[in-house]
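Beneath this line is the structure, given in structure tokens, with notes to follow.
All of the numbers you see were taken from the coordinates with simple rules; none came from a lab. This structure is a prediction, so every number in the text was calculated from the model and none was measured. Because the Cβ atoms are built from the backbone with ideal geometry, glycine has one as well, and the counts that use them run over all protein chains shown.
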Amino acid sequence: MAENARKLSNVLLSGNEAIARGAWEAGARLGSGYPGTPSSEILPALVELGDVYCEWSVNEKVALEVAAGASVAGARCLVTMKHVGVNVAADPLFTMSYTGVEGGIVIISADDPSMHSSQNEQDNRNYARAAKVPMLEPADSQEARDQTMRAFELSEEFDTPVFVRPVTRICHSDGLVEVGERQVVELRGEMAKQPEKFVMVPAHARKRRVTMSERTQRLIELAEESDLNREEMGDESVGIIASGVAYQYAKEAFPGASFLKLGMVWPLPPERIRQFASKVGRLFVVEELDPFLTEQILAMGVHVEPVDESFRIGELTPGRVREMIGGAAMPQAAPDADLPPRPPTLCAGCPHRSVFVGLRKLKAYVTGDIGCYTLGTLPPLQALHTCLCMGAGINEAHGIQKVRGHEAPVVAVIGDSTFTHSGITGLVNIAYNAGVSTVVILDNRTTAMTGGQVHPGIGETLSGLPGRELDFEKLALAIGIEDVRVVDPYEMAETEQAIREAMANPQPSVVIARRACVLDVRERGPAPVLDEEKCIHCGLCVRIGCPALFDAAGEGEKTLPRIDAVLCNGCTMCVQVCPVDALVVPAAGEGDA
């Protein structure tokens, strides 16, 4: 595919694919990251292009540190993550701003306004300012490719990592992109030993801090002249400063206005902004989430028209921009009234479902985590009670039981990929600090919510090569957890009993509920059939929350379960919960058309 890609001149690419293309053309030698929507497709696209070593690292901190090492060796590196992943990578990030780079490092922070697939909508432009790392913000797929390439040049010219911040609508929107050939960027000669640059003991760090300040001034000078920022003069009665996808919304809403489009959102060009402001009658800043640009521009002494705070929440749209500048506050747009609500739910046959059914029956207080299983909090399961960030559920369970004691019916649940990301340390902490918590590892053999990526618990790498499979059972035993059980969550009674016994144990315990994600399973069992004469209309089958099983009775009538044979994969959970055997799995050949 790489050879074919070289021959193309214009291709239709998503923003994520365009970022991968830009890194490939810029001569990147390494790509690392952790999957997280909306960034997940970047590294798989880079793998397809070839010539670049890529890996799913166990978490974002590791990914950035791997890139730091490769950069010291002289390689250009791309590091990908979603916005909350930068929180995990922040420890090395802030010091890498001091050390700088050898080979260029570009960090993708894919932000998610409106939280399409996230637990918060933090604005990571703030990280650029706090860490004093330049940030570019593409407005379409072409800019995603171009700015990624430019970011590598800036990284090496200014001796710094560089952020590129696409948001969900840029990551997942397609556009026509002009592409070119891959650059050959040779590694430098023998690696020079530079402890004053790369060993941040206080004496070295104080000198590098001065270097950072000088670098910021040079970046401001660049921003004043760079074509990353451009004026588009139109009707001078209204001027709009915008960047990224917000620029697209504003341009659609007010095509005749004058614009200062910012491709570099930190640092900003003060003189260029003042000059633009002097040319227009009224000046607006259109930006999603925090007033990041607005506050800096006001601090420059430039008057900006105020906007209602309601526009700081969620994504913008052209309609919301028209309302914003028109002066009428409009809350987040409600869904179209003609569309039925579509609450998310675990897939039909999802092996996580039986664990939550059991936990609900056991009346456990469940500390949860980030992943498909977060949906266990929604009706009708309603069996997950906390979800803070990746890895937190294990530590929250430990904290609760340190103040409430073993009798508190607390269970932590965590997915297999999340466990390798940030759950192992929490389990070590429980063992070390004489904890008593029960941890259920929901091992569905993939990173399911972000699209089915591999991870260390599977033993296959991003490139499809074999890797060492992390053995969760041996790991738990090695750190001092003596009560370790493995169950098949499709066996509901066995799963419930294992969790019950683990909760009763006054020592820490681990239950591994292992069954492959239903989306990765090709074989399906037959759909159960209902014996209406036996059915007592208790509704227990419907309460497991399977989308293939629904109540066909009218409002106020007795429960009348019906199974959608197209959605059903034959997991038999509904059969197992039925108290009167009214749901029956047909024998082989029965029910075949």
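Within the shell defined by Cβ-Cβ distances under 13 Å, the residues around P195 carry a net charge of +3, with Lys and Arg each +1 and Asp and Glu each -1. The order of the peptides 432-440, 270-278, 544-552 by mean Cβ neighbours within 10 Å, most packed first, is 432-440, 544-552, 270-278.
So how far, in whole Å, is the C-alpha centre of the range 261-278 from the one of the range 380-406? Taking the Cα centre of each part, the range 261-278 and the range 380-406 sit 46 Å apart. Summing Lys and Arg as +1 and Asp and Glu as -1 over all other residues whose Cβ lies under 11 Å from the Cβ of E143 gives a net charge of 0.
Residues whose amide H falls under 5 Å from that of Q453, counting only those 5 or more places apart or on a different chain, are T447, with hydrogens built in the peptide plane. In the chain, the calculated helix contribution to ellipticity at 222 nm averages -10000 deg cm²/dmol per residue, counting -39,500 (n - 2.57) for every DSSP H run with n ≥ 4. Of all DSSP bridge pairs formed entirely within the range 2-224, close to 20 percent run antiparallel. For the range 20-137, what class follows from the C-alpha gyration tensor (a ≥ b ≥ c being the square roots of its eigenvalues): rounded when a/c is under 1.5, otherwise prolate if a/b is larger than b/c, else oblate? Oblate, because a/c is 1.5 or more while a/b does not exceed b/c.
Taking a sphere under 12 Å around the Cβ of L43 and counting the other residues whose Cβ falls inside, with K and R at +1 and D and E at -1, yields a net charge of -4. Considering only beta bridges that DSSP places wholly inside the range 424-539, some 15 percent are antiparallel. Cross-link partners of K534 among aspartates and glutamates, defined as those whose alpha carbon lies under 14 angstrom from its own and excluding same-chain residues fewer than eight positions apart: D581. Separation of the range 445-471 and the range 127-197 by C-alpha centroid, Å? Taking the Cα centre of the range 127-197 as reference, the centre of the range 445-471 is 27 Å away. Report P(r) for the chain: all Cα-Cα distances, bin width 10 Å, range 0 to the bin holding the largest distance, values in whole percent. Using 10 Å bins, I get a P(r) of 3, 15, 22, 23, 19, 12, 5, 1, 0 for the chain.
Of the residues S32, Q576, A476, the one whose Cα sits farthest toward the positive end of the charge dipole of the chain, with +1 on the Cβ of Lys and Arg and -1 on the Cβ of Asp and Glu, is A476.
Which of rounded, prolate, oblate describes the range 415-548, given a ≥ b ≥ c as roots of the alpha-carbon gyration tensor eigenvalues and a/c under 1.5 marking rounded, otherwise prolate only if a/b is larger than b/c? Judged from the Cα gyration tensor, the range 415-548 comes out oblate (a/c at least 1.5, b/c at or above a/b). Put in order of Cβ neighbour count within 10 Å, fewest first, the listed residues I441, I512 become I512, I441. May I ask for log10 I(q)/I(0) of the range 102-261 at q = 0.08, 0.17, 0.20 Å⁻¹, from a Debye sum over the Cα atoms as equal point scatterers with solvent left out? Debye intensities relative to I(0), on a log10 scale: -0.31, -1.18, -1.41. Can you classify the range 229-326 as rounded, prolate or oblate using the Cα gyration tensor, where a ≥ b ≥ c are the square roots of its eigenvalues, rounded means a/c under 1.5, and otherwise it's prolate if a/b beats b/c and oblate if not? Since a/c stays below 1.5, the shape of the range 229-326 is classed as rounded.
Residues whose amide H falls under 5 Å from that of V440, counting only those 5 or more places apart or on a different chain, are A412, V413, I414, V511, with hydrogens built in the peptide plane.
When peptides 411-422, 281-292 are ranked by their average number of other Cβ atoms within 10 Å per residue, the highest-first order is 411-422, 281-292.
Remark: the range 433-440, residue by residue, has Karplus-estimated 3J(HN,Hα) of 9, 6, x, 10, 6, 9, 10, 9 Hz, where x stands for each Gly or Pro and the curve is 6.51 cos²θ - 1.76 cosθ + 1.60 at θ = phi - 60°. Rg over Rh for the range 476-593 works out to 1.07, using Cα positions for both radii and the Kirkwood form for Rh. Amide hydrogen proximity for V164: with H placed 1.01 Å from N in the peptide plane, the residues at 5 or more positions away or on another chain lying under 5 Å are I107, I108, S109, L136. For the range 352-520, relative contact order (Cα pairs under 8 Å, six or more residues apart, normalised by length) works out to 22 percent. Per residue, the average separation of C-alpha pairs within less than 8 Å and at least 6 apart gives the chain a relative contact order of 10 percent. Relative contact order, whole percent, for the range 1-102 stands at 30, derived from Cα pairs under 8 Å and 6 or more residues apart. Most tightly packed first, judged by the mean number of other beta-carbon atoms within 10 Å of their residues, the peptides 500-508, 210-218, 261-269 read 261-269, 500-508, 210-218. Taken over the range 166-252, the alpha-carbon convex hull comes to 221 cubic angstrom per residue.
For the range 1-80 versus the range 478-556, the inter-centroid distance based on Cα atoms is 39 Å.
For the range 166-183, putting each phi into the Karplus relation 6.51 cos²θ - 1.76 cosθ + 1.60 with θ = phi - 60° gives couplings of x, 10, 3, 5, 7, 4, 10, 9, 9, x, 6, 10, 7, 10, x, 8, 6, 6 Hz, in residue order, rounded to whole numbers and with x for Gly and Pro. Looking at the chain, the DSSP beta bridges with both ends there are about 25 percent antiparallel.
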